[in-house]
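Data first, discussion second: the structure below is written as structure tokens.
The values are calculated or read from the model by the stated rules, or taken from the named source; none is laboratory data. Note that this is a predicted model, so its numbers are computed, not measured. Don't worry about glycine lacking a Cβ; one is built from the backbone with ideal geometry, like all the others, and counts go over all protein chains shown.
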Amino acid sequence: MARDDETRTQQIRTRHRARQVALQVLYEIDTTQHKPGRVLDARQAETKLEDDGLNFLRWLIGGVIENLADLDQLIGRYAPDWPVQQLAVIDRNILRLSIFELLSPDSDAPPKVVINEAVELAKIFGSDSSPRFVNGVLGTALAEISPDQG
């Protein structure tokens, strides 16, 4: 049992780090239009994620990029007072990342964990108002996506 707890704790740490790197990659892509593969490779060279973390990172980045237009449309629906392109770049990409993870049928993270991770990213990388904004938007999203969990 202790071994399982240790493994789970390591997975949580790995995914937390991968989400941080994913946000950094998405931020760079969003602000510079650099090619996703190059940005991902450069970040991986710096962070040296293990295979599980790298696979999770690639899944997140690929999913967000592949579904960017749909994710932005959803952000616009969940935060109607804020045009997506006028959102702070960090907030926009935290929301893209989190909504992708909340909606993906391949996600195995509980919705509350995804939201908590997003709020933590907002605390680390965003402005003073980012954590509350991100939490509010994702709470609205969760209430619509999965009313029993919101």
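A search for C-beta distances below 9 Å between a residue of segment 61-76 that is touching a residue at least 60 places away in the same chain (Cβ under 8 Å) and any residue that is surrounded by 13 or more Cβ atoms within 10 Å (Cβ to Cβ) and not in a helix (DSSP H, G or I), counting only pairs 6+ apart in sequence or on different chains, returns Ile75/Trp82; Ile75/Leu87.
Looking at segment 52-94, which of its residues are among the hydrophobic types (A, V, I, L, M, F, W, C), over 26 Å from Asp41 (Cα atoms), in a helix (DSSP H, G or I) and more than 14 Å from the chain's Cα centre (by Cα)?
Taking segment 52-94 first, the residues among the hydrophobic types (A, V, I, L, M, F, W, C) are 54, 56-57, 59-61, 64-65, 68-69, 71, 74-75, 79, 82, 84, 87-90, 94.
After this cut, where a residue has to be over 26 Å from Asp41 (Cα atoms) as well, the list is 74-75, 79, 82, 84, 87.
Retained after the next criterion (residues that are in a helix (DSSP H, G or I)): 74-75, 84.
Those that are among the hydrophobic types (A, V, I, L, M, F, W, C), over 26 Å from Asp41 (Cα atoms), in a helix (DSSP H, G or I) and more than 14 Å from the chain's Cα centre (by Cα): Leu74, Val84.
Right, Asp52: closer than 21 Å to Val134 by Cβ, in contact with a helix residue (DSSP H, G or I) (Cβ under 6 Å, 6 or more places away or on another chain), in contact (Cβ under 8 Å) with a residue 24 or more places away in the chain and not basic (Lys, Arg) or not?
no
Return yes when Asp30 is more than 16 Å from the chain's Cα centre (by Cα) and of a type in the set (D, E, K, R) and no when it is not. No, not satisfied.
From the residues in segment 99-138 that are charged (D, E, K, R) and surrounded by fewer than 18 Cβ atoms within 10 Å (Cβ to Cβ), which one is nearest to Gln20 (Cα to Cα)?
By that ranking, first place goes to Glu120.
Residues satisfying the criterion are absent from segment 89-111 (criterion: without any contact (Cβ under 8 Å) to a residue 12 or more places away in the chain and aromatic (Phe, Trp, Tyr)).
So is Val89 surrounded by 15 or more Cβ atoms within 10 Å (Cβ to Cβ), over 15 Å from Gln20 (Cβ atoms) and modelled with pLDDT of 95 or more or not? Yes, satisfied.
Scanning segment 19-37 for residues that are among the β-branched types (Val, Ile, Thr) and farther than 18 Å from Ile124 by Cα, we see that the one that is surrounded by the most Cβ atoms within 10 Å (Cβ to Cβ) is Ile29. Say we look at segment 95-145 and pick out the residues that are assigned to a helix (DSSP H, G or I) and of a type in the set (Gly, Ala, Ser); which of these is farthest from Gln24 (Cα to Cα)? The selected residue is Ala143. With respect to the conditions (1) under 16 Å from the mean Cα position of the chain (by Cα); (2) modelled with pLDDT under 95, Asp41 lacks only one, and its number is (1). Residue by residue through segment 38-51, note down the ones that are in a helix (DSSP H, G or I) and crowded, with 17+ Cβ neighbours inside 10 Å. Within segment 38-51, Val39, Leu40, Arg43 meet the criteria.
Against the list (1) in contact with a Leu (Cβ under 8 Å, 6 or more places away or on another chain); (2) modelled with pLDDT of 95 or more, the condition Ala79 fails is (2).
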